[in-house]
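Each remark here refers to the structure printed beneath this line.
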Amino acid sequence: MRVAGHGDITQEDGFGLAGEERVAAEPEAALRIVRQCGLLPPAVSVTAARLRSRPVWDLADLAERLEREDATTSDIGGATFDVSYRDLPDRAKGLFRLLGIHPGFDFTASSVAAPAGLTPIEADRVLELLLDENLLHQSVAGRYGIHDLLRAYAAERAEAEMSEDERRTAVETVLRWFVAVLTLTTSALGVESVPPPLAPAAAAAAAVVTSQAAGVVEAARWYSHERANLLRAVAVARRMGFDSLAWRLPIAMAFFEELARN
């Protein structure tokens, strides 16, 4: 359906997820929803995903629900995100909040499991749920990305619903997980080095990834995917005052950097 001045909202803005017949049946309500999403494709896609999984909802009812939200948040699609966030199970809410403060640019089930207090299998299920709700996207199997607007919203929820100590602990857990994976993988490859000592909890959380990256080729492939995240993790460690991790990470990365150059 084409709306004057706004293009085809069923295609260009991601509203096709809701079903073209539903949009065609309530064109004015569809336009109200798109406007309430601030004409932002991520917000429209999230809303469309909610409609797809709730066939009994009328578009007009959803439009009214969004319009009742705080106008300051709806200007940037925040009302849409609020509606989706509130409908999530508690475990999914907790993991979504963590994605707003996670130091990585993208995530795997293993990299989010420890700070979320989940097993990698449980974390994978929750990530898949968030993907189904269009709160995440995926371009590489097993890796999940989040749009900047949604990351900012997740960070807002973390700020509002987690204490500063809880947020710092979550970030520190991720940083320690990175150190553990790097160190254990280096050791598994038989590299002679003096790795920094590992906390038992971090070592246990990293064991699954280490076993999957037990060969040089696998380890190099894993590192190529995580390098940008690791470099950002070093910067985050420095900024947040995790001094020991800020120097442990580069030490643990040294072998992989050399491997990448050869």
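The values are calculated or read from the model by the stated rules, or taken from the named source; none is laboratory data. From a predicted model like this one, the values you see are computed outputs, not experimental measurements. When we count neighbours, we look across all protein chains shown, and the Cβ atoms used for this are built from the backbone with ideal geometry, even at glycine.
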In segment 147-185, what count of residues is obtained for those that are farther than 19 Å from residue 228 by Cβ and not in a helix (DSSP H, G or I)?
2
Where a residue in segment 234-260 is more than 17 Å from residue 167 (Cα to Cα) and its partner, wherever it lies, is surrounded by fewer than 16 Cβ atoms within 10 Å (Cβ to Cβ) and of a type in the set (Gly, Ala, Ser), with Cβ under 6 Å and at least six apart:
259/220
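The rows are residues; the columns are (1) surrounded by 14 or more Cβ atoms within 10 Å (Cβ to Cβ); (2) of a type in the set (Val, Ile, Thr); (3) at pLDDT 65 or above; (4) under 25 Å from residue 128 (Cα atoms).
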site	(1), (2), (3), (4)
3	yes, yes, no, no
9	yes, yes, no, no
13	yes, no, no, yes
17	yes, no, no, yes
21	no, no, yes, no
24	no, no, yes, no
31	yes, no, yes, no
45	yes, no, yes, yes
49	yes, no, yes, yes
Selection count where residues are loosely packed, with under 14 Cβ neighbours inside 10 Å and touching a residue at least 24 places away in the same chain (Cβ under 8 Å), scope segment 148-158
0
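Output the residue which, of all residues in segment 215-262 that are among the aromatic types (Phe, Trp, Tyr) and under 23 Å from the mean Cα position of the chain (by Cα), is nearest to residue 102 (Cα to Cα).
This residue is 242.
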Residue within segment 160-169 that is of a type in the set (D, E, K, R), assigned by TED's automatic domain parsing to the domain that holds residue 239, crowded, with 17+ Cβ neighbours inside 10 Å and at pLDDT 95 or above present
yes
On the given criteria, is residue 144 assigned to a strand (DSSP E or B) and hydroxyl-bearing (Ser, Thr, Tyr)?
yes
